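First up is the structure itself, then whatever we jot down about it.
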Amino acid sequence: MPRTAILPTIDWKAVFASGQDYAKWLANGESPENQSQMEAARLALALEPQIVAALGALPRPVHVIAIAEDWCGDVVRHAPVLQRLAEAAPNLRVRYIRRDQWPDVFARFLTNGGEAVPKFIFLNDAFVECGSWGPMPDACRELIARGKACGDVGAARKKVHGFYEADSNRRMVVSELMHLIDIASSREP
């Protein structure tokens, strides 16, 4: 006999439909300075040819719900990457929502109990959740966790900043997002 779900079921299709496309989300933001930084980063990001080819060959649609606030530094770094991927992929559809728009959704994607953004939720063509990403690359999340564990989050944040400086072309983020796109577009296990 199937067990009753612990958390309520999310209507991912409705959440996706309630979101905004990138341009509208950006235009409705709170920080004009961050908006211009995101636009500059989006325009400057050049995807490698094999990434563009893989995105162009997605076998079925992938939907991404991006929980993002334009005042957040990690959103400024990572939302433009997701958007560039979407621009290169006819089958990658992204909608942006704010944390308070769907608090029950956001509560499922806390980072070590914290309300960190961005969170990118990957859904297949039937709006089944297949994975999530955020608020930063795996290596950076690990650095912050280690900083918390040893009581020196400040030093961890400095290391994360150094990581971002070394990965200015966002290869790590692109790689992690491409992995989740590949999973969500899978036709077989």
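A short reminder: the numbers here are calculations on the coordinates, not readings from a lab. In this text the structure is predicted, and so the values were computed from the model without any measurement. When we count neighbours, we look across all protein chains shown, and the Cβ atoms used for this are built from the backbone with ideal geometry, even at glycine.
Sort the following peptides by mean Cβ neighbour count (other Cβ atoms within 10 Å, averaged over residues), highest first: 21-29, 115-123.
Numbers: 21-29: 15.8, 115-123: 22.1.
Order by mean packing, descending: 115-123, 21-29.
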Which residue fluctuates the most in the chain, going by a Gaussian network model with Cα springs under 10 Å, if the choices are Pro59, Pro103, Pro80?
Pro103
Extended-chain gain in nm, criterion 0.36 nm per residue less alpha-carbon gap, Leu43 and Glu165:
42.1 nm
Per the charge dipole of the chain (beta-carbon charges, Lys/Arg positive, Asp/Glu negative, Cα centre), the residue among Gly147, Val94, Asn28 reaching farthest to the positive end is Gly147
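How about segment 14-87: which GluC sites (Glu not before Pro) there are in a DSSP loop, with at most 14 other Cβ atoms within 10 Å of their Cβ? Mind showing how you got there, number by number?
Values: sites: Glu30, Glu33, Glu39, Glu69, Glu87; in loops: Glu30, Glu69.
Here the sparse-neighbourhood loop sites are Glu30.
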Could you go through segment 4-13 in sequence order and give the Karplus-derived ³J(HN,Hα) for each residue, using 6.51 cos²θ - 1.76 cosθ + 1.60 with θ = phi - 60°, rounded to whole Hz, and x for Gly and Pro?
5, 5, 6, 9, x, 6, 9, 8, 4, 5
Only bridges with both residues in the chain count here: give the DSSP antiparallel percent, nearest 5.
65 percent
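What's the lysine pair count for the chain at a Cα cut-off below 23 Å, pairs eight or more apart or interchain?
Values: Lys13/Lys24; Lys13/Lys119; Lys24/Lys119; Lys119/Lys148; Lys119/Lys158; Lys119/Lys159; Lys148/Lys158; Lys148/Lys159.
Step by step, the pairs that qualify in the chain add up to 8.
Given segment 34-133, what whole percent of its Cα pairs are spread farther than 21 Å? Could you put the intermediate results ahead of the total?
Values: 1771 of 4950 pairs.
Percentage above 21 Å: 36.
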Would you mind checking which residues have amide H under 5 Å from Trp71's amide H? H placed 1.01 Å from N; only 5 or more apart, or other chain.
Glu30
If you take all C-alpha pairs in the chain, what percent of them are over 21 Å apart?
52 percent
